[in-house]
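All of the numbers you see were taken from the coordinates with simple rules; none came from a lab. From a predicted model like this one, the values you see are computed outputs, not experimental measurements. Virtual Cβ from ideal backbone geometry, glycine too; neighbours counted across all protein chains shown.
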Amino acid sequence: MLDSNIGGERKEGWLFLSLGEDKELVEISGNTLRVYFYLFKRRQTCGVREIQRALGFSSSSSAHYHLEKLASKGVLTKDLYGNYRISEQTRVKLIDRFYVVRGVVLPKQVVYASATSVMCMLFLLLFWNSLTLTVVLALLPGVVASGILWYDAGRLWSSLPSFKRGVR
């Protein structure tokens, strides 16, 4: 499950998403969270049958239930053809922690961790000839920061809902 480090508060497997300053918190968990992330990754409208097939729901009524649950909370909008999309008027803080690159959801920490790691490697390459205790101590905060960022990025990445396994 997702935790407070990605924009919500954790309470026994629930994710509370803040939808803005004036709006109340929205509870999203389990399959509803999987539906939300599927639509977030797709960045286009999806119908009930498409969600059913993509996420492995046993019936279209299961997909419809989760879509309507998100729509009733204001997270999704429904068009005239019965397709759903993420509401552009609703800003979910959870999304601020991720980039979507060609349908792949990446935590922003991956970018920060990569940049920090590259800077540490460049520092090491530039000062390799004069490697002293002072140089190593100067490099140490960058290495620690890089490690923390990679750990946090891995944790965020592993907390994303899986789309490969079936849904009951």
| Fewest-first sequence of 85, 43, 34 by Cβ atoms within 10 Å of each Cβ | 43, 85, 34
| said: How big is region 99-159 along each principal axis, measuring the range of its Cα positions in Å and listing the largest first? | reply: 44, 20, 11
| Ascending count of other beta-carbon atoms within 10 Å, so fewest first, for 152, 79 | 79, 152
| query | Taking amide hydrogens as modeled 1.01 Å from N in the peptide plane, which residues meet the under 5 Å criterion relative to residue 98, leaving out close sequence neighbours? | reply | 108
| Relative exposure of 36, 81, judged by other C-beta atoms within 10 Å (fewest first) | 81, 36
| query | For residue 133 and residue 101 in one chain, what is 0.36 nm times their gap in residues minus the Cα-Cα distance, to one decimal in nm? | reply | 7.4 nm
